[in-house]
Amino acid sequence: MSIELTGITRRFGDFVAIDGIDLRVETGELLALLGPSGSGKTSLLRIIAGLETPDHGTVAFHGADATDVHARERQVGFVFQHYALFGHLTIFENVAFGLRVRPRRHRLDEATLRKKVMRLLELVQLDWLADRFPHQLSGGQRQRIALARALAVEPRVLLLDEPFGALDARVRQELRRWLRRLHDDVHVTSVFVTHDQEEALEVADRVVVMNHGRIEQIGTPDEVYDHPATPFVFEFLGHVNRLPVPGAPDDEGFVRPHDIAVLAQPAIGALAARLTHSTTIGPIARLEFALAADARTVNVELPRDAFRSLQLVNGTLAYLQPTLVRRFTQPTPA
Amino acid sequence: MSAATTIARFSPATNEARWVRMLLIGVALGFLTLFLFVPLAFVFHQALRKGVDVYLTAISDPDALSAVRMTLLAAAIAVPLNLVFGVAAAWAIAKFNFPGKSVLTTLIDLPFSVSPVIAGLIFVLLFGLQGWFGPWLREHDLKVIFAVPGIVLATIFVTFPFVARELIPLMQAQGTEQEEAATVLGASGWKTFWRVTLPNIKWGLLYGVILCNARAMGEFGAVAVVSGHIRGETNTMPLHIEILYNEYQFAAAFAVASLLALLALVTLALKFAVERRQRRVDDQDGRRSR
């Protein structure tokens, strides 16, 4: 089931949350809406779900206009950042909720319903928790139950609003791999919202980078990372240094911290700089240099061993050689 | 909130000198005794002073029984109505945004800020013989003032804020995510209310109803203005007590008063039980959000 958005605009008073967005989500893909807070990604997701109405524009599922279809009838699955499980119901009843509130003629008989709910709980590997209550579960378990609950109604599309946002780093990583595998099994068209670029790049088939209610770029994780369309995308997808590069617009080029070689001797195109700070985090050394020319800070990432063999201490003069510089043809925003 | 309770439970509340603690506890206990326990005990002492027979006669007097019936009737009508109004108002205010929301919130508080006597007078001015609707009511042979409908109206007015006031902060804190989840899962507004919203507010709601009921039964000022004190017809318990007292029938007055005091004790016990239950639910919610 594909999703087509055309000319979606949404204002809150004077604030333009979404500014004329066109987007097509292909059948069966897992798409990430990535952007900083206030970029309109959550509003866009809620508009697809029917929880909010756009001021202009249309939402269609597989070519059929759904703009005026109530959220209740859109047959979408929605997973909330804070799970929104029903605290007074058991895990089993939470997952069964969507099946039990159907109009009587569409309701399943109890045996079929039980079988279906238990199958979903097995799918999220939590069938042994069926009789517990939500407050007895960990955050990661709750979010898996929320997912099972959303899948129970056999949604045409699955929408996830910062699904891992409330979890700690380790559970988050585990859960996003799990979500990727689950999507490969279930293959329901899915859109998830995140502000975490790593999460988007790791999980999604395609990434939509949003800023100020507009789409900056759409592409596969490799496309947006390797060929960012705008300075914003480049800066948002990782740490960036702006370095003086003759010939580039504003004489500035963008360089990732890991695309800089540190040399002990001067070389052509290398910039003299002094080391001001260094930390080693696991296998990586993060270094801070101050350029000799204008004292601006440059961040560099080196493998730990490479850093050791350079034998740098704070204050040492070294030479930074960018190995990959990105230039943008349009002027960079101030 | 649960963090605060944990601290209170496991660490000493104060490390002041012993005499300071004794003094503070003594003052608090003395105050409570003087203003709460002594009057309560006095009510029962006075009621039973002339023996159980007098007590039983006083509370089985037809006028007294009529006053009890009147009070129960007024509460039985006012409390369910305010339950419905309160839930509807709290639902609208907490879960939706609409123009005039702050005006509605202020209006709900109006009965708290207006003197009950004024509240009673409003109804006299509206429905009394000289009032706006007076002539129309007389033509149709309807009585509101100095009759049961007036008492019920006054009681509803005075107890209007209790349920809504209790629910609005609770529902605002709970937000709308669970309702949205239910909607997306295909539940109608009605089903969402019964299966999601109501279970989430039931303890707060019960608490509001208990408070509303206590006030409905104990209301004096507004009802005094509209009732006309017709014995055996439009007297409620608080009015009946006043009449007996003014007639120097102290034992009888205190006997009926003891019934009201008993009711207050029952209310307190219920309130205590509900609060404990609610705190347990809150504790679970606290764990959930962590």
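Criterion applied to B:Ala154, B:Ala187, B:Ala173 was being closer than 30 Å to A:Glu52 by Cβ and buried (at least 19 other Cβ atoms within 10 Å of the Cβ), and the one residue passing it is B:Ala187.
Every listed requirement among (1) out of contact with any helix residue (DSSP H, G or I) (no Cβ under 7 Å at 6 or more places or on another chain); (2) outside any helix (DSSP H, G or I); (3) crowded, with 17+ Cβ neighbours inside 10 Å; (4) not acidic (Asp, Glu) is met by B:Tyr248 save one, (3). Go through segment A:99-121 and count every residue that is modelled with pLDDT under 90 and buried (at least 18 other Cβ atoms within 10 Å of the Cβ). Matching residues across segment A:99-121 total 0. Restricting attention to segment A:87-98, report how many residues are within 9 Å of chain B (Cβ to nearest Cβ) and surrounded by fewer than 22 Cβ atoms within 10 Å (Cβ to Cβ). Here the count works out to 3. Only a single item in (1) in contact with a Pro (Cβ under 8 Å, 6 or more places away or on another chain); (2) surrounded by 19 or more Cβ atoms within 10 Å (Cβ to Cβ); (3) over 30 Å from A:Val25 (Cβ atoms) is not met by A:Phe254, and it is number (3). Here A:Leu44 meets each of (1) surrounded by fewer than 20 Cβ atoms within 10 Å (Cβ to Cβ); (2) among the aliphatic types (A, V, I, L, M); (3) over 21 Å from A:Arg149 (Cβ atoms) with one exception, condition (1).
Where strands (runs of 3 or more DSSP E) fall wholly inside segment A:126-220, the ranges with 3 or more residues that are within 14 Å of chain B (Cβ to nearest Cβ) are A:157-161. Of these, A:Thr58, A:Thr67, A:Thr53, which one is in contact with a strand residue (DSSP E or B) (Cβ under 9 Å, 6 or more places away or on another chain), part of a strand (DSSP E or B) and of a type in the set (S, T, N, Q)? When all the criteria are applied, what remains is A:Thr58. The number of residues in segment A:101-112 that are at the interface with chain B (Cβ under 8 Å from one of its Cβ atoms) and not hydrophobic (A, V, I, L, M, F, W, C) comes to 1. In this entry, B:Ala90 is excluded by the filter for residues that are among the small types (Gly, Ala, Ser) and within 25 Å of B:Ala252 (Cβ to Cβ). When B:Leu211, B:Leu205 are screened for being within 14 Å of another protein chain (Cβ to nearest Cβ), over 30 Å from A:Ile47 (Cα atoms) and either surrounded by fewer than 22 Cβ atoms within 10 Å (Cβ to Cβ) or at pLDDT 90 or above (or both), only B:Leu205 passes. In segment A:2-21, the residues that are touching a residue at least 40 places away in the same chain (Cβ under 8 Å) reach residues that are among the aromatic types (Phe, Trp, Tyr) and assigned to a strand (DSSP E or B) with C-beta atoms within less than 7 angstrom, at least six apart or across chains, in these pairs: A:Ile3/A:Phe61. Considering A:Gly7, A:Gly38, A:Gly28, A:Gly77, which residue is closer than 24 Å to A:Asp184 by Cβ and out of contact with any Leu (no Cβ under 7 Å at 6 or more places or on another chain)? Exactly one of A:Gly7, A:Gly38, A:Gly28, A:Gly77 is closer than 24 Å to A:Asp184 by Cβ and out of contact with any Leu (no Cβ under 7 Å at 6 or more places or on another chain), namely A:Gly28. Taken over segment B:149-193, the residue count meeting the criterion of being under 19 Å from the mean Cα position of the chain (by Cα) and either within 14 Å of chain A (Cβ to nearest Cβ) or over 30 Å from B:Ile118 (Cα atoms) (or both) is 1.
The values are calculated or read from the model by the stated rules, or taken from the named source; none is laboratory data. Not measured: the values here are computed from a predicted model. Cβ atoms come from the backbone with ideal geometry, glycine included; neighbour counts cover every protein chain shown.
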